[in-house]
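Working notes, structure below.
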Amino acid sequence: MKTYDVYGVGNALVDTEYEVPENFLKDTKLKKGIMSLVGEDERQHLIHMLENEHELEMINQAGGGSAANTMVIFSQLGGNSFYSCKVANDDIGDFFVKDLKEAGINTNLSNERELGTTGQCISMITPDAERTMATCLGITNSLSPADLNPDALRASARLYLEGYLVSSKTGFETALEAQTIARSAALDISLTLSDPAVVKSFLPNFHRILDSGVDLLFCNHEEAKIITGNNSIEDCARSLQQFCPSFIITSGEDGSIGFDGLKLSRINSVPTQPVDTTGAGDIFAGAFLYGLSRGKDFRASAELAHRSASLVVARFGARLTQRDVSRLLQN
């Protein structure tokens with residue numbers, strides 16, 4: 001019997017959220033709805049614009065990072081997970097370590113960490129609930145294969161890779177090394193494409209990971225269009241069948257289309273009034289993986305994932321409370 005249901009690898013970030021008007025994004029020249037990588041000086045300038053020039057207050061601060069959010073919901077639902085990431089020996093790093101520990105997630109992190117700056121992500125939510133992110137990777141940009149725990153990985157049932165890893169040379173090397181270890185131990189491998197801009201900028205890296213073997217792919221329609229070169233979600237799904245044994249493509253309120261290895265299925269979304277789309281894909285993936293880990297079929301896992309995502313977009317923040325999760329488990 002495996003020690004862990006899933007072993008995640010991804011960036012370690014602390015998220016800060018702000019509600020902003022549409023014109024704020026025009027002032028910053030950030031592209032709406034995507035993640036942009038920024039340096040420390042740019043991050044500080046953006047904070048100055050938000051808090052001093054526009055007098056906006058931070059509405060939420062929480063541990064984040066795409067795969068970290070996925071591991072948290074997986075743990076909240078009752079799964080056992082391990083997470084490999086990198087944070088610095090600073091106050092933000094302490095906050096992140098404490099956050100994952102309280103969520104019941106085992107990690108490679110210790111109290112003796114490297115000096116540096118822990119990664120942070122500024123998430124700006126416009127009135128239409130769309131989120132635009134500016135991410136300063138900090139020390140997580142140097143995540144390397146040395147941050148993996150091969151024994152814990154081999155003791156897991158599934159590897160989950162965050163697509164943002166491909167934006168860093170050593171992060172990409174870490175993803176490939178984790179994939180190699182997982183393949184040698186006959187683990188299922190899952191990958192999320194994470195963000196359309198990242199897919200477009202690092203397309204060869206994604207194809208290398210896919211060519212090396214991915215059992216389950218998570219993506220949204222925009223990401224699927226870039227990775228396949230097709231337009232309609234149906235054409236994207238047909239193309240993905242050629243190089244991925246199973247996948248699920250989400251499309252917001254239009255639900256999703258998934259392939260379980262045998263047939264394509266359409267799954268309806270759960271109607272909700274969106275407030276903040278931050279973390280929707282992360283929560284979707286975590287709930288979906290939990291469903292599979294507990295023997296649910298593809299459709300039932302997708303339905304749980306849609307219910308989970310509908311709850312997180314109806315509130316500010318990229319994670320659910322344990323009370324939210326208890327409601328999910330009662331349905």
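Here is a yes/no grid of residues against (1) closer than 21 Å to SER75 by Cα; (2) at pLDDT below 95; (3) not small (Gly, Ala, Ser):
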| residue | (1), (2), (3) |
| --- | --- |
| GLY258 | no, no, no |
| SER269 | no, yes, no |
| GLY295 | yes, no, no |
| THR321 | yes, yes, yes |
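Taken over the stretch 294-305, the criterion of being in contact with a Ser or Thr (Cβ under 8 Å, 6 or more places away or on another chain) and surrounded by fewer than 20 Cβ atoms within 10 Å (Cβ to Cβ) is satisfied by ARG299 alone.
For the stretch 266-293, filtered to residues that are without any contact (Cβ under 8 Å) to a residue 40 or more places away in the chain and part of a loop (DSSP other than H, G, I, E, B), the residue that is surrounded by the fewest Cβ atoms within 10 Å (Cβ to Cβ) is PRO271. Checked against the criterion of being within 22 Å of SER308 (Cα to Cα) and not in a helix (DSSP H, G or I), the stretch 140-158 contains one or more residues that satisfy it. Per the conditions (1) open to solvent by 10 Å² or more (accessible area, probe 1.4 Å); (2) small (Gly, Ala, Ser); (3) modelled with pLDDT of 95 or more, the sole criterion not satisfied by GLY138 is (3). Where strands (runs of 3 or more DSSP E) fall entirely within the stretch 1-99, those with at least 1 residues that are over 29 Å from THR180 (Cα atoms) and either more than 16 Å from the chain's Cα centre (by Cα) or without any contact (Cβ under 8 Å) to a residue 60 or more places away in the chain (or both) are at 13-19, 60-64.
Pairs meeting the criteria (first residue in the stretch 107-118 and exposed (fewer than 15 other Cβ atoms within 10 Å of the Cβ), second residue among the polar types (S, T, N, Q), beta carbons under 6 Å, at least 6 apart or on different chains) are LEU115/ASN89. All conditions in (1) surrounded by fewer than 15 Cβ atoms within 10 Å (Cβ to Cβ); (2) under 18 Å from MET35 (Cα atoms) hold for GLU102, with the sole exception of (2).
Considering only the stretch 178-234, state which residues are part of a helix (DSSP H, G or I), of a type in the set (A, V, I, L, M, F, W, C) and open to solvent by 40 Å² or more (accessible area, probe 1.4 Å). Of everything in the stretch 178-234, those that are part of a helix (DSSP H, G or I), of a type in the set (A, V, I, L, M, F, W, C) and open to solvent by 40 Å² or more (accessible area, probe 1.4 Å) turn out to be LEU203, ILE226.
For the stretch 286-322, the tally of residues that are among the hydroxyl-bearing types (Ser, Thr, Tyr) and more than 15 Å from SER256 (Cα to Cα) stands at 3.
Of the residues making up the stretch 151-160, at least one is buried (at least 17 other Cβ atoms within 10 Å of the Cβ), within 20 Å of ILE227 (Cβ to Cβ) and in contact with a helix residue (DSSP H, G or I) (Cβ under 9 Å, 6 or more places away or on another chain).
If the condition is being within 21 Å of the chain's Cα centre (by Cα), of a type in the set (S, T, N, Q) and under 15 Å from CYS236 (Cα atoms), then the stretch 252-275 contributes only SER256.
For the stretch 253-262, filtering for residues that are surrounded by 15 or more Cβ atoms within 10 Å (Cβ to Cβ) and free of Cβ contacts under 8 Å to residues at least 40 places away in the same chain leaves 3. When the test is whether a residue is closer than 30 Å to PRO204 by Cβ, open to solvent by 10 Å² or more (accessible area, probe 1.4 Å), modelled with pLDDT under 95 and aromatic (Phe, Trp, Tyr), PHE243 passes it.
For the structure I just gave you, tell me whether ASP128 is closer than 20 Å to ASP195 by Cβ and surrounded by fewer than 23 Cβ atoms within 10 Å (Cβ to Cβ). Criteria met by ASP128. Residues of the stretch 306-331 that are within 15 Å of MET71 (Cβ to Cβ), in contact with a Gly (Cβ under 8 Å, 6 or more places away or on another chain), assigned to a loop (DSSP other than H, G, I, E, B) and open to solvent by less than 20 Å² (accessible area, probe 1.4 Å): ALA318 alone. Within the stretch 127-140, residues that are farther than 18 Å from GLN61 by Cα and among the β-branched types (Val, Ile, Thr) sit with their Cβ atoms under 8 Å from residues that are open to solvent by less than 20 Å² (accessible area, probe 1.4 Å) and assigned to a strand (DSSP E or B), at 6+ positions apart or across chains, in these pairs: ILE139/GLY119; THR140/LEU13; THR140/GLY119. Give the residue that is surrounded by the most Cβ atoms within 10 Å (Cβ to Cβ), with candidates limited to residues of the stretch 1-23 that are among the charged types (D, E, K, R) and farther than 28 Å from GLY33 by Cα. Selected residue: ASP5.
The values are calculated or read from the model by the stated rules, or taken from the named source; none is laboratory data. Predicted, not measured: the structure shown is a model, and the values here were computed from it. Reconstructed Cβ throughout: ideal geometry from the backbone, glycine too, with neighbour counts over all protein chains shown. Side chains included, ligands, DNA and RNA excluded: accessible areas come from the protein's heavy atoms. Shrake-Rupley method; radii C 1.70, N 1.55, O 1.52, S 1.80 Å.
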